[in-house]
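Novice: Shown below is the structure under consideration.
The values are calculated or read from the model by the stated rules, or taken from the named source; none is laboratory data. This structure is a prediction, so every number in the text was calculated from the model and none was measured. Because the Cβ atoms are built from the backbone with ideal geometry, glycine has one as well, and the counts that use them run over all protein chains shown. Areas reflect the complete protein model, heavy atoms only, side chains present, ligands, DNA and RNA absent. Shrake-Rupley method; radii C 1.70, N 1.55, O 1.52, S 1.80 Å.
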Amino acid sequence: MTKPYFLLITAALLAPLSTAPALSQGITSSALRGLDNKAPIDVDADRIDVLDQQNQAIFTGNVRVRQGNLTLEADRIKVAYSRPAKGDPVIQRLDADGNVRLATPSERATSRFGIYDVDKRILTLIGNVVLTQGTTKVQGNRLTIDLASGRSTLDGKTSSGQPGSRVSGRFAVPDRK
């Protein structure tokens, strides 16, 4: 399974978002690059409800998920899993809801919702997404990260596909002597 989630901001990831040369300034390599999606996922929360017949576990209250150096926190995280005939359950998807916070050693992101499709290796943050790395900050409504290809897309559309806000950003410009 992949680290729960998230934050990939690199010049390569931002390149599909704009052709502006300033986008790559002040942005370094993401901690998600080279993510070991087979590393164990650790979860802790105030409460867990297991709905075994539905192959779901719902964690609530100060939920924290860790995989490697990635951390995902939210008010609630629903885990969907499959159960092979032999062996442990296999996590397929994580849905984070409420005060979603994503962190790596170099990046931070916040949103209202987060979806991590483990099988497809797609991470999506939805609702007032704010992504920061150092003094660089990018905002939009939906951030989609393909962990397999490294492509990242940030847009301002709402979850219904209707126009929402615009994507905006502030990028650090180093002193040039």
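Novice: On a full-extension model of 0.36 nm per residue, what is the gain between residue 64 and residue 175, subtracting their alpha-carbon distance, rounded to one decimal in nm?
Specialist: Using 0.36 nm per residue and subtracting the Cα-Cα distance, I get 36.1 nm.
Novice: In addition: Per 0.36 nm of contour for each residue apart, how much would the distance between residue 151 and residue 165 grow if the chain were fully extended, relative to their Cα-Cα spacing?
Specialist: 2.9 nm
Novice: Using a 1.4 Å probe on the protein chains only, how many percent of the accessible area of region 53-177 belongs to carbon and sulfur?
Specialist: 46
Novice: Continuing with this model, one more query. Accessible area per residue, 1.4 Å probe, Å², for region 46-104: what's the number?
Specialist: Per-residue value: 56 Å².
Novice: Let me ask another. At what distance in nm do the modelled label points of residue 135 and residue 88 sit from each other, each positioned 7 Å from its Cα along Cα→Cβ?
Specialist: So the two model labels end up 4.4 nm from each other.
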